[in-house]
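One structure is given here, and the rest of the page talks about it.
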Amino acid sequence: MGFGETIQDAAPERYLQYYLRYTDMKELIQELASDQPSPTSRQRRAASAELMDVGRKPVGRFQEGLRVELQKVNQFACVKHEAMFLELRRICDSCSRLGRRIRSIAGQS
């Protein structure tokens with residue numbers, strides 16, 4: 001079993017949608033690497049124009065795949081950030097209620 005399959009098998013179901021498709025990205029990188037001969041300076045300038053091409057060229061497919069995968073990672077970070085914020089708010093609210101209760105009890109004595 002390869003690294004990509006190991007990651008997918010170990011992923012908790014609730015987070016699977018956020019996991020990077022390692023095997024797909026690896027294939028895109030290999031395709032990109034095999035398509036790129038050793039560039040001369042003129043080829044480097046021409047290759048930079050290809051960076052904007054998200055069409056059929058390997059560099060475009062790689063860029064689009066990377067964009068999609070990074071968007072998933074960002075979504076996961078946003079979901080976890082929101083969950084932490086809500087939990088901290090709940091804890092702060094509980095502390096406030098506890099403080100009011102303690103003051104109320106202290107005021108009765």
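The values are calculated or read from the model by the stated rules, or taken from the named source; none is laboratory data. Just so we're clear, the structure is a prediction, and the values are computed from it rather than from any experiment. We place every Cβ from the backbone using ideal geometry, glycine too, and count neighbours over all the protein chains shown. The protein model used for the area step is the full one, side chains on, heavy atoms only, and it has no ligands, DNA or RNA in it. Shrake-Rupley method; radii C 1.70, N 1.55, O 1.52, S 1.80 Å.
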Residue check, residue 21 surrounded by 10 or more Cβ atoms within 10 Å (Cβ to Cβ) and modelled with pLDDT of 95 or more:
no
Starting from the range 44-70, take each residue that is open to solvent by 60 Å² or more (accessible area, probe 1.4 Å) and list its partners that are at pLDDT 90 or above and among the acidic types (Asp, Glu), counting only C-beta distances under 6 angstrom and pairs at least six apart or across chains.
54/64
